[in-house]
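Structure, as structure tokens:
The values are calculated or read from the model by the stated rules, or taken from the named source; none is laboratory data. Keep in mind it's a predicted model, so treat the numbers as computed, not measured. Cβ coordinates were reconstructed from backbone atoms using ideal geometry, including for glycine residues, and neighbour counts include every protein chain displayed.
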Amino acid sequence: MTRSATIRILIADDHAEVRSSLRAILSGQPGWEIVAEAANGLQAVELAAETRPDVAILDYRLPLQNGIEAARAIRASCPATEVLLFTIHGGRQLIRKLLEAGARGYLSKSEARRYLIAAVEALSRHEPFFPDSVPRDLLDACLGKRAAEPD
């Protein structure tokens, strides 16, 4: 994606103040557009199908359908949409699950101010984004395995 192209973003978090903070950070970027906001996983999946965002930012602990399930559904219905899991949770098992669901980005909420713009930029170019806090051996194993699997 070129620098002048519009990046269309969906935000899904059950806390209105988190959505508002993300919107404030992201909408300040030239050419970036928040196309939808969702308060639960089912709504995120519906809105993604309607708006076809370039990047969907999903909280892990969404009501009705968690971020992993929503990521899987969004990637199935909108394969061009990249998913960033945005959460206070972490750990190897969660990273493995999000990769298996088709998400290609992870960001801890505590790292948002530092990495959110870079994460969305990377995902908009269809490149994975994981901060240094994510174990590289896990990413290599999961991403390498997926890359080696036949279509």
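The residues of the stretch 35-50 that are in a helix (DSSP H, G or I), of a type outside the set (A, V, I, L, M, F, W, C) and crowded, with 18+ Cβ neighbours inside 10 Å, listed by number, are Gly41, Gln43.
Against the condition assigned to a helix (DSSP H, G or I) and touching a residue at least 40 places away in the same chain (Cβ under 8 Å), how does Leu62 come out, does it pass? For Leu62, the condition - assigned to a helix (DSSP H, G or I) and touching a residue at least 40 places away in the same chain (Cβ under 8 Å) - is not met.
Restricted to the stretch 73-118, and to residues there that are within 24 Å of Ala49 (Cβ to Cβ), of a type in the set (D, E, K, R) and out of contact with any Pro (no Cβ under 6 Å at 6 or more places or on another chain), the residue that is surrounded by the most Cβ atoms within 10 Å (Cβ to Cβ) is Glu82.
Within the stretch 97-135, the set of residues being in a loop (DSSP other than H, G, I, E, B) and either on the phi < 0 side of the Ramachandran plot or of a type in the set (A, V, I, L, M, F, W, C) (or both) comprises Ala101, Ala103, Arg104, Arg125, Glu127, Pro128, Phe130, Pro131, Asp132, Ser133, Val134, Pro135. Of all the criteria given as (1) in a loop (DSSP other than H, G, I, E, B); (2) at pLDDT below 95, the one not satisfied by Leu94 is (1). Would it be correct to say that Ser124 is modelled with pLDDT under 90 and small (Gly, Ala, Ser)? In short, no. Quick one: would you say Ala122 is closer than 22 Å to Pro63 by Cα, hydrophobic (A, V, I, L, M, F, W, C) and more than 10 Å from the chain's Cα centre (by Cα)? For Ala122, the condition - closer than 22 Å to Pro63 by Cα, hydrophobic (A, V, I, L, M, F, W, C) and more than 10 Å from the chain's Cα centre (by Cα) - is not met. Leu22 versus (1) in contact with a strand residue (DSSP E or B) (Cβ under 7 Å, 6 or more places away or on another chain); (2) under 23 Å from Glu100 (Cβ atoms): which is the lone unmet condition? The single condition Leu22 does not satisfy is (2). Do we find that Ile57 is part of a helix (DSSP H, G or I), within 16 Å of Phe130 (Cα to Cα) and either within 13 Å of the chain's Cα centre (by Cα) or at pLDDT 95 or above (or both) in this structure? Judged against the criteria, Ile57 is not a match.
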